[in-house]
Number of protein chains: 2
Amino acid sequence: MLNLHTELNTALVAAGESFAVATIVGTEGSTPHPLGTSMLIHRDGTITGSLSGGCIEGAVHAAALDALEHNLPRREHYGYSSADAFAVGLTCGGNIDVHIAPFTEHSPMHQMLETYSSFNATDPVAMIRRIDLGSSGSTLIPNPSHLSLTELAQLLIPVVGKAGSSLAATLCYSLIVSGRTGTINLAQDTGSCATDSLELLVESRLSPPRMLIFGANTFAEELLKLAPMLGYTSTLCDARSSFTLQPRFNAAHEISTQWPHLYLGAEIAAGRIDSRTVICVLTHDPKFDIPLLTLALAQRVAYLGAMGSRTSHDSRMRDLRAGSTPESALRALHSPIGLDLQAITPGEVAISIAAEIIARRSSSATGQSLKSIAGPIHGRAKPTINAPERTQHLTDIEVPSWT
Amino acid sequence: MLNLHTELNTALVAAGESFAVATIVGTEGSTPHPLGTSMLIHRDGTITGSLSGGCIEGAVHAAALDALEHNLPRREHYGYSSADAFAVGLTCGGNIDVHIAPFTEHSPMHQMLETYSSFNATDPVAMIRRIDLGSSGSTLIPNPSHLSLTELAQLLIPVVGKAGSSLAATLCYSLIVSGRTGTINLAQDTGSCATDSLELLVESRLSPPRMLIFGANTFAEELLKLAPMLGYTSTLCDARSSFTLQPRFNAAHEISTQWPHLYLGAEIAAGRIDSRTVICVLTHDPKFDIPLLTLALAQRVAYLGAMGSRTSHDSRMRDLRAGSTPESALRALHSPIGLDLQAITPGEVAISIAAEIIARRSSSATGQSLKSIAGPIHGRAKPTINAPERTQHLTDIEVPSWT
């Protein structure tokens, strides 16, 4: 439901209005929208949002009006043919499970939705909801990346009961703190012979992952353009204000004029460096590089690369070894930075760096031309937890009118 | 001298002013500006442009004032230390040869410079100049990509004499028509026992190489952002105006709403497709793909790639084989398009395509992480003639003030 925000606000202020929330709670094959996507079906028949880009909206609409009529949640299963899938820009068919919950101002979720809609649309937040039929209960967690397991278990007591809250918290925790969406099934011991299944939809949105670029030069200028394409909020840091103030770095989301290692130290202390953070050291000067890399190599980040010729690389490694950096940490350093594309211009070099950052998100990327290797184009390995949300997600509905 | 334009205009209109043109006519090692770069030294001591980002401007300045004083051309040789080179953002030192020509309104180059400065700053143009000391002579060629060898030989008669014009034309031709810069040395038979050396600086600027993207979708939207980083002028073509008119494609330099194969056919007929052209087929629909690829595969272009799953790829290859496309042409097709980065999102896929375009400019790019292989980071193989101008060229002078 985190895909909705303004839409929920509008629905909530329409006093006395009732609507149904239809949410994707299971996917199989290619689907146009990821798990957790919701749309609203109003009692007057209007729809806000989309679950499928058109293929199944009609059927969801009918089921939602029925759920509103009887004030009972429902769960539906829909399949897409390959032709339907292609019409919305996918290459093969798939299935989705949709949970449909009627909602009125007397619904148990009312308070949570009101709180959620008071947040900003990009605020870090997690939402946990019961989606097994006949149950309700939900909780909203601001700033989920700072949550402890104990705190989560406390928050889950009203949702799953005291007995199951520890187990549920353990299962939900990694999704919550890594900003991912998933469903959790757990058998619920009711004390009788019967064992009920309990199902939770866990949605979590963290602040965007960060790309820190050190060194205000032409390579940084080009790399800054690529950061948003890969889902990163970018920071450019350089000690020299005569460089950082140049308008050519305007693509940076944030610019810091500080000694690189002092800046990184402050960010670490403030808890703003995490396992999704990407660090590119383009300073190309040992007096900046060495203290910065020494500090960065002690962190668990998604990617750490440093620019330089083979000669600079060799002397850098010597300097780092002479310091206290252990050999195991040095192996994580991408130096010289980038894939071997025989890149020459700053634009080419920036793309070789971005390509390496992408490739390191998967353990099976080869860097070969796809034409020259066999096997699936993507999805050979599960993405690691360090990657930002990468579900294939069409922001626009693309129905080729010539088909 | 093609790096100067407005500056020349200004110098020329300053009636009666005399200035010297200092031009890089030889390079060795890393140099901040490529062969052919010129700067102007005015008689009052002011300088327009830069040859080195600061290291040698002082020495060039003194030599140029001396050349103006005696109204004689000079040739100077300058070396950079590694420290000098680093100060302007290079990783190692180098040498440059500089040709310094005094210029007054009575100079033989006067007419040519006036004509050149009447062009637009990005117009395709070639300039050939004698740079052996004691000689002069030059010629200016608009639209050099359409020149024939015979026409070039005619144009060179006033520059090198009738006897040498055919040989000179043969040597200059490939530089001229591929938009590259270089120097040509040829022994000149003077009829006596002495053999003089004759040297030409050949500069050629073509219209920027083109990237044609077929299929107005989210992948195209992302790839369009990368085209200028790689030096391409981009065109987006799709048959459906409801797509091509969307503002999200505003990054395209040019948009065409036409059936893809009809558009490509018209561009071929108009002579606007050449060996530097990159074609990315993202239409993902056989009724567009097959006629388009059949036509594109018959052209000599720098890169041709087509998007699709393994299944789409197999059926596409079957369809193309069933047509008249020979197996040798099919081997040039990059399908599925892109490097294997395990890319998932449209931004990642676009970067995997750009990375493949860069890698295919060199025969030795491996796509491996630079950290995991040995050997030089770039320059293992000479770039092919299909690549756009890629000389390492600092647009801004970067002198780290903290060094």
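Considering B:ASP289, B:ASP285, B:ASP274, the condition of being within 7 Å of chain A (Cβ to nearest Cβ) and of a type in the set (Asp, Glu) is satisfied by B:ASP285 alone.
Within the option set A:ARG331, A:ARG318, being over 30 Å from the mean Cα position of the chain (by Cα), more than 7 Å from chain B (Cβ to nearest Cβ) and either farther than 27 Å from B:HIS33 by Cβ or buried (at least 22 other Cβ atoms within 10 Å of the Cβ) (or both) holds for one residue only, A:ARG318.
The residues listed here are B:GLU356, B:GLU267; of these, the one that is under 25 Å from the mean Cα position of the chain (by Cα), buried (at least 24 other Cβ atoms within 10 Å of the Cβ) and among the acidic types (Asp, Glu) is B:GLU356. For the stretch B:336-393, a tally of residues being at pLDDT below 90, closer than 18 Å to B:ARG300 by Cα and touching a Gly at 6+ places or on another chain (Cβ under 7 Å) returns 1.
Of all residues in the stretch A:148-161, those being assigned to a loop (DSSP other than H, G, I, E, B) and either crowded, with 19+ Cβ neighbours inside 10 Å or among the polar types (S, T, N, Q) (or both) number 1. Scanning the stretch B:331-352 for residues that are part of a loop (DSSP other than H, G, I, E, B) and in contact (Cβ under 8 Å) with a residue 40 or more places away in the chain, we see that the one that is farthest from A:LEU341 (Cα to Cα) is B:LEU333. When we screen A:ARG316, A:ARG248, A:ARG321, A:ARG276 for residues that are in a helix (DSSP H, G or I), under 22 Å from A:LYS225 (Cβ atoms), not assigned by TED's automatic domain parsing to the domain that holds A:GLY179 and not acidic (Asp, Glu), the only hit is A:ARG248. Would you check if there is a residue in the stretch A:8-21 being buried (at least 18 other Cβ atoms within 10 Å of the Cβ) and either part of a loop (DSSP other than H, G, I, E, B) or under 20 Å from the mean Cα position of the chain (by Cα) (or both)? No, the stretch A:8-21 has no match at all. Filtering the stretch B:297-315 to residues that are within 10 Å of another protein chain (Cβ to nearest Cβ) and either closer than 24 Å to B:PRO209 by Cβ or surrounded by fewer than 22 Cβ atoms within 10 Å (Cβ to Cβ) (or both) leaves B:GLY305, B:ALA306, B:MET307, B:SER309, B:ARG310, B:THR311, B:SER312, B:HIS313. If you filter the stretch B:364-373 down to residues that are assigned to a helix (DSSP H, G or I) and either more than 7 Å from chain A (Cβ to nearest Cβ) or surrounded by 22 or more Cβ atoms within 10 Å (Cβ to Cβ) (or both), you find that the one that is nearest to the chain's Cα centre (by Cα) is B:LEU370.
Would you confirm, using the coordinates I've provided, whether A:ALA187 is more than 13 Å from chain B (Cβ to nearest Cβ) and either under 30 Å from A:PRO158 (Cα atoms) or among the acidic types (Asp, Glu) (or both)? Criteria met by A:ALA187. Taking the residues in the stretch A:353-363 that are more than 7 Å from chain B (Cβ to nearest Cβ) and part of a helix (DSSP H, G or I) as candidates, determine which candidate is farthest from B:PRO34 (Cα to Cα). My answer is A:ILE357.
Among the residues making up the stretch A:214-228, a single one is within 20 Å of the chain's Cα centre (by Cα), facing another protein chain (nearest Cβ under 9 Å) and either on the phi > 0 side of the Ramachandran plot or surrounded by 21 or more Cβ atoms within 10 Å (Cβ to Cβ) (or both): A:LEU226. Among the criteria (1) closer than 18 Å to B:SER38 by Cα; (2) not in a strand (DSSP E or B); (3) not small (Gly, Ala, Ser), the one B:HIS99 does not fulfil is (2).
Listed here are the residues, each with its yes/no results for (1) within 14 Å of another protein chain (Cβ to nearest Cβ); (2) at pLDDT 85 or above; (3) in contact with a Gly (Cβ under 7 Å, 6 or more places away or on another chain).
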site	(1), (2), (3)
B:SER38	no, yes, yes
B:GLY54	no, no, no
B:GLU69	no, yes, no
B:VAL98	no, yes, no
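As a summary of the residue check, B:THR139 satisfies the conditions (1) in contact with a strand residue (DSSP E or B) (Cβ under 6 Å, 6 or more places away or on another chain); (2) assigned by TED's automatic domain parsing to the domain that holds B:LEU295; (3) among the hydroxyl-bearing types (Ser, Thr, Tyr) except for the one numbered (2). If I filter the stretch B:232-254 for residues that are within 14 Å of chain A (Cβ to nearest Cβ) and closer than 23 Å to B:ARG331 by Cβ, do I get at least one hit? No, that holds for no residue. Listed conditions (1) outside any loop (DSSP other than H, G, I, E, B); (2) out of contact with any helix residue (DSSP H, G or I) (no Cβ under 7 Å at 6 or more places or on another chain); (3) buried (at least 20 other Cβ atoms within 10 Å of the Cβ) are all met by A:ARG180, apart from (1).
The values are calculated or read from the model by the stated rules, or taken from the named source; none is laboratory data. No experiment lies behind these values; they were computed from the predicted model shown. All Cβ positions, even for glycine, are placed from backbone atoms using ideal geometry, and neighbour counts span all protein chains on display.
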